[in-house]
Amino acid sequence: MRTILQAENLTKVYRVGSVDVPALRGVSLDVEEGEYLAIMGPSGCGKSTMLHLLGGLLTPTTGRILIDGEDLTAATDAKRTDIRRRKIGFVFQRFNLFPTLTAEGNLKLAEGIHGGSDGKKGGDPERRREVLRLLQLEDKMHHKPLELSGGEQQRVALARAVVNRPAIILADEPTGNLDTENSAIVLNMFQEMNYRFNQTIIMITHNPEAAAMCRRIIQMRDGQIVAPGPRVQI
Ligand SMILES: Nc1ncnc2c1ncn2[C@@H]1O[C@H](COP(=O)(O)OP(=O)(O)O)[C@@H](O)[C@H]1O
Ligand SMILES: [Mg+2]
(Lines give C-alpha, C1' and ligand atoms only; values in the text may rest on other atoms or scores of the structure.)
(Ligands and ions follow the chains in the order given, each with its own letter.)
Protein backbone atom coordinates (compact mmCIF):
# COMPACT_ATOMS: atom_id res chain seq x y z
CA MET A 1 0.00 0.00 0.00
CA ARG A 2 1.22 3.44 -0.93
CA THR A 3 0.22 6.65 0.80
CA ILE A 4 -0.93 9.00 -1.93
CA LEU A 5 -2.07 11.88 0.24
CA GLN A 6 -0.87 13.06 3.61
CA ALA A 7 -2.21 16.00 5.55
CA GLU A 8 -0.39 17.04 8.69
CA ASN A 9 -2.01 19.22 11.31
CA LEU A 10 -3.84 21.53 8.92
CA THR A 11 -5.37 24.71 10.17
CA LYS A 12 -7.22 27.36 8.21
CA VAL A 13 -8.30 30.73 9.49
CA TYR A 14 -10.33 32.94 7.17
CA ARG A 15 -10.06 36.64 7.78
CA VAL A 16 -13.34 38.49 7.27
CA GLY A 17 -12.84 42.20 7.79
CA SER A 18 -11.18 42.34 11.19
CA VAL A 19 -12.62 39.02 12.35
CA ASP A 20 -10.79 35.69 12.24
CA VAL A 21 -12.92 32.69 11.37
CA PRO A 22 -11.18 29.44 12.31
CA ALA A 23 -12.48 26.88 9.80
CA LEU A 24 -10.00 24.06 10.44
CA ARG A 25 -8.40 23.43 13.82
CA GLY A 26 -5.70 20.84 13.25
CA VAL A 27 -6.62 18.08 10.84
CA SER A 28 -4.33 15.18 10.01
CA LEU A 29 -5.18 12.52 7.48
CA ASP A 30 -3.39 9.76 5.57
CA VAL A 31 -4.99 8.34 2.45
CA GLU A 32 -3.73 5.23 0.69
CA GLU A 33 -3.72 4.84 -3.06
CA GLY A 34 -7.03 3.33 -4.19
CA GLU A 35 -9.00 4.30 -1.10
CA TYR A 36 -12.61 5.41 -1.40
CA LEU A 37 -13.29 7.73 1.48
CA ALA A 38 -16.32 9.71 2.62
CA ILE A 39 -16.19 12.90 4.66
CA MET A 40 -19.37 13.68 6.60
CA GLY A 41 -20.41 16.28 9.13
CA PRO A 42 -22.78 19.19 9.69
CA SER A 43 -22.82 22.27 7.51
CA GLY A 44 -20.07 24.72 8.40
CA CYS A 45 -17.77 22.16 10.07
CA GLY A 46 -14.98 22.70 7.53
CA LYS A 47 -15.46 19.91 4.98
CA SER A 48 -15.20 22.06 1.86
CA THR A 49 -12.29 24.01 3.31
CA MET A 50 -10.43 20.77 3.90
CA LEU A 51 -11.12 19.49 0.38
CA HIS A 52 -9.97 22.76 -1.16
CA LEU A 53 -6.76 22.59 0.86
CA LEU A 54 -6.13 18.96 -0.15
CA GLY A 55 -6.51 19.93 -3.79
CA GLY A 56 -4.28 22.98 -3.57
CA LEU A 57 -7.09 25.44 -4.35
CA LEU A 58 -6.52 27.10 -0.97
CA THR A 59 -3.39 27.29 1.15
CA PRO A 60 -3.52 26.28 4.81
CA THR A 61 -2.72 28.77 7.56
CA THR A 62 -0.43 26.15 9.08
CA GLY A 63 0.31 22.51 8.33
CA ARG A 64 1.58 20.48 5.42
CA ILE A 65 0.11 18.47 2.54
CA LEU A 66 1.96 15.85 0.54
CA ILE A 67 0.49 14.59 -2.73
CA ASP A 68 2.19 11.39 -3.83
CA GLY A 69 5.28 12.56 -1.94
CA GLU A 70 5.28 16.08 -3.39
CA ASP A 71 4.91 18.92 -0.92
CA LEU A 72 1.94 20.95 -2.07
CA THR A 73 2.26 23.54 0.70
CA ALA A 74 5.91 24.37 0.04
CA ALA A 75 5.37 24.59 -3.73
CA THR A 76 5.28 27.81 -5.72
CA ASP A 77 1.94 28.74 -7.29
CA ALA A 78 3.12 27.39 -10.64
CA LYS A 79 4.30 24.12 -9.11
CA ARG A 80 1.07 23.73 -7.15
CA THR A 81 -0.95 24.21 -10.32
CA ASP A 82 1.23 21.63 -12.03
CA ILE A 83 0.72 19.02 -9.28
CA ARG A 84 -3.01 19.69 -9.34
CA ARG A 85 -3.25 19.21 -13.08
CA ARG A 86 -1.23 16.02 -13.07
CA LYS A 87 -2.77 14.32 -10.06
CA ILE A 88 -6.17 15.73 -9.14
CA GLY A 89 -9.68 15.88 -10.54
CA PHE A 90 -12.26 18.07 -8.83
CA VAL A 91 -16.00 17.53 -8.83
CA PHE A 92 -17.97 20.42 -7.40
CA GLN A 93 -21.64 20.66 -6.60
CA ARG A 94 -21.88 23.65 -8.88
CA PHE A 95 -20.44 22.94 -12.25
CA ASN A 96 -18.97 25.50 -14.59
CA LEU A 97 -19.30 24.06 -18.05
CA PHE A 98 -18.36 26.25 -20.96
CA PRO A 99 -21.76 27.19 -22.38
CA THR A 100 -20.61 27.56 -25.98
CA LEU A 101 -18.95 24.13 -26.12
CA THR A 102 -20.65 20.76 -26.51
CA ALA A 103 -20.29 18.03 -23.89
CA GLU A 104 -17.47 16.55 -25.95
CA GLY A 105 -15.90 19.99 -26.39
CA ASN A 106 -15.89 20.50 -22.64
CA LEU A 107 -14.08 17.19 -22.21
CA LYS A 108 -11.56 18.00 -24.92
CA LEU A 109 -10.84 21.28 -23.22
CA ALA A 110 -9.99 19.42 -20.00
CA GLU A 111 -7.71 17.11 -21.97
CA GLY A 112 -6.07 20.04 -23.69
CA ILE A 113 -5.15 21.55 -20.34
CA HIS A 114 -3.13 18.40 -19.70
CA GLY A 115 -1.50 18.62 -23.09
CA GLY A 116 -3.55 15.61 -24.18
CA SER A 117 -3.79 12.31 -22.28
CA ASP A 118 -0.69 10.17 -22.66
CA GLY A 119 0.88 12.95 -24.66
CA LYS A 120 -1.58 12.52 -27.51
CA LYS A 121 -2.50 15.80 -29.15
CA GLY A 122 -6.23 16.32 -29.17
CA GLY A 123 -6.76 14.05 -26.20
CA ASP A 124 -7.76 10.43 -26.15
CA PRO A 125 -11.01 9.61 -28.00
CA GLU A 126 -11.15 6.14 -26.42
CA ARG A 127 -11.06 7.49 -22.88
CA ARG A 128 -13.55 10.15 -23.80
CA ARG A 129 -15.96 7.59 -25.20
CA GLU A 130 -15.44 5.30 -22.19
CA VAL A 131 -16.21 8.00 -19.67
CA LEU A 132 -19.25 9.20 -21.60
CA ARG A 133 -20.47 5.61 -21.79
CA LEU A 134 -20.02 5.07 -18.04
CA LEU A 135 -22.05 8.18 -17.37
CA GLN A 136 -24.69 7.29 -19.95
CA LEU A 137 -24.00 10.39 -22.00
CA GLU A 138 -23.08 8.82 -25.35
CA ASP A 139 -26.08 10.31 -27.14
CA LYS A 140 -25.45 13.75 -25.60
CA MET A 141 -21.90 14.25 -26.80
CA HIS A 142 -22.86 16.97 -29.24
CA HIS A 143 -25.22 18.82 -26.92
CA LYS A 144 -24.34 22.14 -25.35
CA PRO A 145 -24.98 22.66 -21.62
CA LEU A 146 -28.26 24.52 -22.18
CA GLU A 147 -29.52 21.55 -24.19
CA LEU A 148 -28.92 19.25 -21.22
CA SER A 149 -30.86 18.66 -17.98
CA GLY A 150 -29.28 19.60 -14.65
CA GLY A 151 -28.42 15.98 -13.99
CA GLU A 152 -26.83 15.59 -17.40
CA GLN A 153 -24.81 18.77 -16.92
CA GLN A 154 -23.52 17.46 -13.60
CA ARG A 155 -22.57 14.20 -15.31
CA VAL A 156 -20.68 16.09 -18.02
CA ALA A 157 -18.86 18.03 -15.29
CA LEU A 158 -17.96 14.73 -13.66
CA ALA A 159 -16.80 13.29 -16.98
CA ARG A 160 -14.61 16.32 -17.44
CA ALA A 161 -13.07 15.91 -13.99
CA VAL A 162 -12.16 12.27 -14.55
CA VAL A 163 -11.42 12.02 -18.29
CA ASN A 164 -7.69 12.25 -17.68
CA ARG A 165 -7.89 9.52 -15.02
CA PRO A 166 -6.38 11.60 -12.22
CA ALA A 167 -4.85 9.59 -9.38
CA ILE A 168 -7.01 11.46 -6.88
CA ILE A 169 -10.63 12.54 -7.32
CA LEU A 170 -11.94 15.13 -4.86
CA ALA A 171 -15.71 15.52 -4.87
CA ASP A 172 -17.70 18.07 -2.87
CA GLU A 173 -21.25 16.78 -2.47
CA PRO A 174 -21.34 15.40 -6.00
CA THR A 175 -24.90 14.12 -5.63
CA GLY A 176 -26.13 17.11 -3.61
CA ASN A 177 -28.34 18.51 -6.36
CA LEU A 178 -29.23 15.26 -8.08
CA ASP A 179 -32.33 13.08 -8.13
CA THR A 180 -32.13 9.39 -7.26
CA GLU A 181 -31.51 8.23 -10.81
CA ASN A 182 -28.71 10.68 -11.54
CA SER A 183 -27.16 10.03 -8.12
CA ALA A 184 -27.08 6.32 -8.85
CA ILE A 185 -25.30 6.89 -12.17
CA VAL A 186 -22.73 9.19 -10.56
CA LEU A 187 -22.06 6.84 -7.64
CA ASN A 188 -21.75 3.89 -9.98
CA MET A 189 -19.20 5.87 -11.94
CA PHE A 190 -17.13 6.54 -8.82
CA GLN A 191 -17.18 2.87 -7.92
CA GLU A 192 -16.02 1.92 -11.42
CA MET A 193 -13.20 4.45 -11.38
CA ASN A 194 -12.12 3.27 -7.95
CA TYR A 195 -12.41 -0.44 -8.69
CA ARG A 196 -11.13 -0.61 -12.25
CA PHE A 197 -8.48 2.08 -12.29
CA ASN A 198 -7.57 2.14 -8.59
CA GLN A 199 -8.26 5.87 -8.48
CA THR A 200 -8.36 7.35 -5.00
CA ILE A 201 -11.65 9.07 -4.20
CA ILE A 202 -12.36 11.51 -1.39
CA MET A 203 -16.00 12.52 -1.33
CA ILE A 204 -17.89 14.91 0.89
CA THR A 205 -21.45 13.71 1.21
CA HIS A 206 -24.60 13.98 3.27
CA ASN A 207 -26.05 11.00 1.49
CA PRO A 208 -25.93 7.82 3.62
CA GLU A 209 -26.24 5.64 0.51
CA ALA A 210 -23.21 7.32 -1.00
CA ALA A 211 -21.23 6.96 2.22
CA ALA A 212 -22.19 3.30 2.44
CA MET A 213 -20.26 2.66 -0.78
CA CYS A 214 -17.07 4.05 0.72
CA ARG A 215 -14.53 1.94 2.48
CA ARG A 216 -13.84 4.54 5.16
CA ILE A 217 -15.95 7.32 6.61
CA ILE A 218 -14.49 10.34 8.36
CA GLN A 219 -16.73 12.45 10.59
CA MET A 220 -15.94 16.12 11.11
CA ARG A 221 -17.24 18.57 13.72
CA ASP A 222 -16.22 22.14 14.31
CA GLY A 223 -13.05 22.09 12.20
CA GLN A 224 -11.76 18.75 13.41
CA ILE A 225 -11.96 15.08 12.59
CA VAL A 226 -13.91 13.45 15.40
CA ALA A 227 -14.20 9.88 14.21
CA PRO A 228 -11.62 8.51 11.83
CA GLY A 229 -13.37 5.38 10.66
CA PRO A 230 -11.50 2.11 10.22
CA ARG A 231 -10.18 1.16 6.82
CA VAL A 232 -12.09 -1.74 5.39
CA GLN A 233 -10.11 -4.18 3.31
CA ILE A 234 -11.93 -5.70 0.38
N1 LIG B 1 -14.18 32.22 2.00
C2 LIG B 1 -14.55 32.24 3.29
N3 LIG B 1 -14.41 33.35 4.04
C4 LIG B 1 -14.75 33.36 5.33
N5 LIG B 1 -15.26 32.31 5.99
C6 LIG B 1 -15.43 31.18 5.31
C7 LIG B 1 -15.10 31.07 3.92
N8 LIG B 1 -15.37 29.82 3.49
C9 LIG B 1 -15.86 29.17 4.58
N10 LIG B 1 -15.90 29.97 5.65
C11 LIG B 1 -16.34 29.60 7.02
O12 LIG B 1 -15.54 28.51 7.45
C13 LIG B 1 -16.32 27.54 8.13
C14 LIG B 1 -16.23 26.21 7.38
O15 LIG B 1 -16.85 26.33 6.11
P16 LIG B 1 -16.89 25.16 5.03
O17 LIG B 1 -15.52 24.60 4.90
O18 LIG B 1 -17.54 25.68 3.82
O19 LIG B 1 -17.82 24.07 5.77
P20 LIG B 1 -18.70 22.87 5.17
O21 LIG B 1 -18.24 22.57 3.79
O22 LIG B 1 -18.50 21.75 6.15
O23 LIG B 1 -20.12 23.35 5.19
C24 LIG B 1 -17.70 28.11 8.22
O25 LIG B 1 -17.83 28.77 9.45
C26 LIG B 1 -17.77 29.10 7.06
O27 LIG B 1 -18.67 30.13 7.32
MG1 LIG C 1 -19.30 22.58 1.94
Between the helical axis of 125-134 and the dominant principal axis of the chain, each derived from Cα atoms, what acute angle in degrees is found, rounded to the nearest 10? 70
How large is the accessible surface of Arg129 in square angstrom, using a 1.4 angstrom probe and rounding to the nearest 10? 120
Would you kindly state how much longer the chain becomes between Asn198 and Val19 on full extension, computed as 0.36 nm times their sequence separation minus their alpha carbon distance, in nm to one decimal? 60.2 nm
Listed peptides 144-151, 6-13 by packing density, highest first (mean Cβ within 10 Å): 6-13, 144-151
Lysine pairs in segment 1-125 8 or more apart or on different chains: how many have alpha carbons under 18 angstrom apart? 6
Once you keep just the Cα pairs under 8 angstrom separated by 6 or more residues, what percentage relative contact order results for segment 1-135? 19
Is the shape of segment 70-209 best called rounded, prolate or oblate, per the rule: a/c under 1.5 gives rounded, else a/b larger than b/c gives prolate, else oblate, with a ≥ b ≥ c the square roots of the Cα gyration tensor eigenvalues? oblate
Leaving out ligands, DNA and RNA but keeping every protein chain, what accessible area does Ile39 have, in Å² rounded to the nearest 10, with a 1.4 Å probe? 0
If you fit an axis through the alpha-carbon atoms of helix 150-162 and take the longest principal axis of the Cα set of the chain, what angle between them do you get, 0 to 90°, nearest 10? 70
Relative to the longest principal axis of the chain, what angle (0 to 90°, nearest 10) does the C-alpha long axis of helix 77-87 take? 60
P(r) of the chain over all Cα-Cα pairs, binned every 10 Å from zero, in whole percent: 8, 32, 36, 20, 4, 0
Once Thr100 and Gln136 are pulled to full extension, the length gained, defined as 0.36 nm per residue separation minus their Cα-Cα distance, is 10.8 nm
Given the protein chains as shown and a 1.4 Å probe, how many square angstrom of Val16 are accessible, to the nearest 10? 90
Only helical DSSP H runs with n ≥ 4 go in: add -39500 (n - 2.57) per run for the chain, normalise by residue count and round the 222 nm mean residue ellipticity to 500 deg cm²/dmol. -10000 deg cm²/dmol
Pairwise FRET efficiency - Asp179 versus Ala74, Cβ, R0 = 45 Å, nearest 0.05: 0.55
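The values are calculated or read from the model by the stated rules, or taken from the named source; none is laboratory data. Keep in mind that what you see is a predicted model, and the values were worked out from it rather than measured. Glycine also receives a Cβ, built like all others from the backbone with ideal geometry; neighbour counts cover every protein chain displayed. For accessibility, only protein heavy atoms count, side chains too; no ligands or nucleic acids. Shrake-Rupley method; radii C 1.70, N 1.55, O 1.52, S 1.80 Å.
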